[in-house]
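Engineer: I have a structure I would like to understand better, so I am pasting it below and will then ask my questions one at a time.
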Amino acid sequence: MSSYFVPFVVLVCVIVFIVKTVRIVPQQTVFIVERLGRFHAQLDAGLHILLPIIDRVAYRHTMKEVPMDVAPQVCITKDNTQVEIDGILYYQIQDPRLASYGTENFEFAIEQLAKTMLRSETGKMELDKLLQARDELNKSVVSALDEASESWGVKVLRYEVKDIVPPQSILNAMQLQITAEREKRARIAQSEGKRQEEINLAEGSQKSAVMISEGDREAAINRAKGEAQSVMLVAEATAAAIAKVASAINEQGGDKAVQLKIAEQAVAAYGNLAKSSTTLVVPSDLSNVAGLISSAMSVLKTSQR
């Protein structure tokens, strides 16, 4: 049994030696090595050999970008309104040695400084501006943090405000304001629609009146043209009839035919007078048919001259 004890002890010592002396550093990670309690070396990614007992890995830092939640806190705006603000901060270690020895806890220091700067910047803004100027607030916090964290070997990349929560009374007032604004826009839209409708109706009535007047004008023109054409036709027919009558009179026996026609018309006219109650005044030479015919013939002869 004793023959196995010594090899076993040797094996354990070798394993302990390997564990204590061999260090494998992952990618994007840095180890800070202290020798006898003092800073000795900064180990980057790869395989490294340490001296047992006197060397130890005191700090391990990631070189990646690290997000860190900033706990909610109550801030007071310029118009004395209390709001609860929380956010998220992104930082990256630039100098692992300063991050190890520049402050006891750089993450806690960054968070507290972020809260302080956030309260300070919030106090410079009124609530309405604060709700609309998140980018400005973020940039102000990052600028102040970046300057202060430089001595800690840390660079603050950005800060983002997540939530800004005013008191419930302010939220209710804001909701009422939003509702009133929406109702106002709805009334304006409704009035604009009604106004446009009235404009469209007026334009339609105007166009309809214009079209009706145009139609009446065209109808009047057409009626006038028709009447003019009718008058022309009647005049042409009358002229043609007169010409035929004159031509017939000049022919042999024409005057006798005219006398006969006039006599027939005179007899018919006297017959109509006898049927009606109309009172007429006639010349003395028209007291009989012969006088009427003689008068008509004299008129025809005069017109022929």
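Throughout, read-outs are computed from the coordinates displayed, never taken from laboratory work. Because the structure is a prediction, the values reported are computed rather than measured. Here the Cβ is made from the backbone with ideal geometry for all residues, glycine too, and neighbour counts use every protein chain on show.
Engineer: Given the peptides 207-213, 153-159, arrange them by the average over their residues of other C-beta atoms within 10 Å, most packed first.
Structural biologist: Details: 207-213: 10.0, 153-159: 20.3.
The densest-packed peptide leads the list: 153-159, 207-213.
Engineer: Filter the GluC sites (Glu not before Pro) in segment 1-87 to those in DSSP coil with at most 15 other Cβ atoms within 10 Å of their Cβ, and list the result.
Structural biologist: When the GluC sites (Glu not before Pro) of segment 1-87 are filtered for loop state and at most 15 Cβ neighbours within 10 Å, 65 remain.
Engineer: Ranked highest first by the average count of other Cβ atoms within 10 Å around their residues, in what order do 15-25, 134-144 fall?
Structural biologist: Final packing ranking: 134-144, 15-25.
Engineer: Measure up 115/155; 115/139; 78/184; 64/115 against 19 Å on the Cα-Cα distance and list the ones that go over.
Structural biologist: Violating the 19 Å limit, Cα to Cα: 78/184; 64/115.
Engineer: Projecting each Cα onto the charge dipole of segment 2-62 (Lys/Arg +1, Asp/Glu -1 at the beta carbon, about the Cα centre), which of 16, 57, 6 comes out farthest on the positive side?
Structural biologist: Of the options given, the answer is 57.
Engineer: Fewest first, what order do 122, 62, 29, 238 take by the number of other Cβ atoms within 10 Å? Please list the in-between numbers first.
Structural biologist: Working: 122 24, 62 13, 29 16, 238 10.
Going from sparsest to densest Cβ surroundings: 238, 62, 29, 122.
Engineer: Put +1 on the Cβ of every Lys and Arg and -1 on every Asp and Glu Cβ in segment 98-257; which of 118, 99, 191 then has its Cα farthest towards the positive end of the dipole?
Structural biologist: In segment 98-257, that residue is 191.
Engineer: Given the Cα atoms of segment 1-114, and with Rh set as the inverse mean 1/r over their pairs in the Kirkwood sense, what is Rg to Rh to two decimals?
Structural biologist: My calculation of the ratio gives 1.25.
Engineer: Taking the alpha-carbon set of segment 2-62, what are its Rg and Dmax in Å?
Structural biologist: 14.5, 48
Engineer: Further question: Using the crude model of +1 on Lys and Arg Cβ and -1 on Asp and Glu Cβ, and no other charge, please compute the dipole size for segment 66-166 relative to its Cα centre, in debye to 20.
Structural biologist: 120 debye
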